[in-house]
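The values are calculated or read from the model by the stated rules, or taken from the named source; none is laboratory data. Computed from a predicted structure; not experimentally measured. Here the Cβ is made from the backbone with ideal geometry for all residues, glycine too, and neighbour counts use every protein chain on show. To get the accessible areas, we keep the full protein, side chains included, count just its heavy atoms, and leave off ligands, DNA and RNA. Shrake-Rupley method; radii C 1.70, N 1.55, O 1.52, S 1.80 Å.
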Amino acid sequence: MVTVVFGASGNIGRHVVAGLNSKGEQVRSTSRNPATAGFPPGAEVVAADLEQPETLPAALEGAQRVFLYAKPEGIEGFVAAAEAAGVRHVVFLSSGAVVQSNASSNPIALMHSVIEGAIEKSELAWTFIRPGMFATNAVWWWQRPIRDEGVVRMPYPDARTAPIHEKDLAALAVTALTEPGHQGQAHTVWGPESLTLREQVRQIGAAIDREIAFEVISEEQARTELSKTMPEIGVEAVLAGWKAGVTEPPQVSTIVEEITGHPAHTFAQWAMDHASDFR
């Protein structure tokens with residue numbers, strides 16, 4: 001049974017591939033540029049771009065299952081190609097934003113809702129994984145200032161979030177793809193612990209054995225800094241999340257352990273896994 005993994009060289013997709021391989025599953029990885037994606041020798045790799053529907057039939061030929069990430073511009077073409085190829089089950093990496101109270105006006109929620117809606121209306125069986133804050137966002141936020149200056153500048157250092165390790169999202173996807181009972185299910189996933197941004201930076205410092213200074217800046221200054229490494233839609237979502245985290249405790253969850261049988265990774269474990277990103 002062939003499983004196609006879109007975004008197979010990305011932060012989550014590469015762990016989905018590894019998890020499927022560890023179970024002995026037949027995996028077909030996709031990339032827009034396979035030659036530069038760094039796939040290991042012997043991997044089955046197909047060039048495909050979700051925004052170019054003409055590339056999808058070859059990627060999906062003979063496949064029964066798919067791991068999909070968000071590309072609303074190409075979702076109708078993907079659905080048509082997947083139905084024509086006989087795909088049975090799609091696991092889509094959505095967003096926890098779709099279940100928030102401001103979902104109707106949140107650009108991230110709207111983007112993912114478009115994709116969920118198109119898949120729900122199709123003939124495909126589906127599972128949606130709806131994560132909250134990614135731990136890997138910390139690389140976008142803090143990699144450059146920690147590496148270059150040993151300082152982090154932020155407007156709300158005591159705001160709390162519940163970051164999720166990308167390995168845990170991949171483990172959920174692998175479980176949903178390979179075990180029964182997940183079709184037609186939407187799994188909302190929050191991290192396992194509530195931490196202030198200050199605590200998260202300290203744990204990165206512990207992982208790299210370096211003391212990191214703090215500097216409190218305005219939200220407008222933070223917007224300018226974040227825009228250097230993040231798309232605008234992400235900047236506004238991050239700032240809104242940080243601001244809310246000052247007064248509202250973030251949601252946490254045990255769903256990773258409930259579904260996979262393994263406890264979710266802590267942020268300290270994530271920091272150790274990514275220490276080289278900050279050195």
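General observations
- Normalising the average separation of contacting C-alpha pairs (under 8 angstrom, six or more residues apart) by the number of residues puts the relative contact order of the chain at 18 percent.
- For segment 218-257: rounded, prolate or oblate by the Cα gyration tensor [a/c cutoff 1.5]: oblate
- Taking the accessible area of segment 210-254, probe 1.4 Å, and keeping the other protein chains in place, the carbon and sulfur fraction comes to 54%.
- In a simple Cβ point-charge model (Lys, Arg +1; Asp, Glu -1; nothing else charged), segment 23-133 has a dipole of about 360 debye relative to its Cα centre.
- The distance from the alpha carbon centre of segment 113-183 to that of segment 45-78 is 21 Å, rounded to a whole number.
- Partner lysines whose Cα lies under 28 Å from the Cα of LYS228, excluding those fewer than 8 positions away in the same chain, are identified as LYS71, LYS167, LYS243.
- Between VAL174, VAL17, VAL151, the GNM of the chain built on Cα springs shorter than 10 angstrom shows VAL151 fluctuating the most.
- Projected area averaged over orientations for the chain, convex hull of C-alpha atoms, nm²: 14.5
- Two-site FRET efficiency, ARG144 against GLN100, from Cβ-Cβ distance with R₀ of 30 Å, rounded to 0.05: 0.55
- Out of every Cα-Cα pair that segment 141-230 contains, those further apart than 22 angstrom amount to 44 percent.
- Cβ-placed point charges (K, R +1; D, E -1), dipole of the chain about Cα centre in debye, nearest 20: 320
- Gyration tensor verdict on segment 185-279 (Cα atoms; rounded if a/c is under 1.5, prolate if a/b is larger than b/c, oblate otherwise): oblate
- Its relative contact order, with pairs defined as Cα atoms under 8 Å and 6+ residues apart, puts segment 134-279 at 42 percent.
- Formal net charge of residues neighbouring ARG153 (Cβ-Cβ distance under 13 Å; K, R +1; D, E -1): -2
- Amide H contacts under 5 Å for MET230, placed H, 5+ residues apart: none
- Classification of segment 44-141 by its C-alpha gyration tensor yields a prolate form. The axis ratio a/c (a ≥ b ≥ c) is 1.5 or more, and a/b outweighs b/c.
- Using only side-chain charges placed at the Cβ, +1 for Lys and Arg and -1 for Asp and Glu, the dipole size of segment 123-226 relative to its Cα centre rounds to 20 debye.
- With all protein chains modelled, accessible area of ASP273 [1.4 Å, Å²]: 80
- The mean sequence distance of close C-alpha pairs (under 8 Å, at least 6 residues apart), as a share of the length of segment 85-181, puts its relative contact order at 31 percent.
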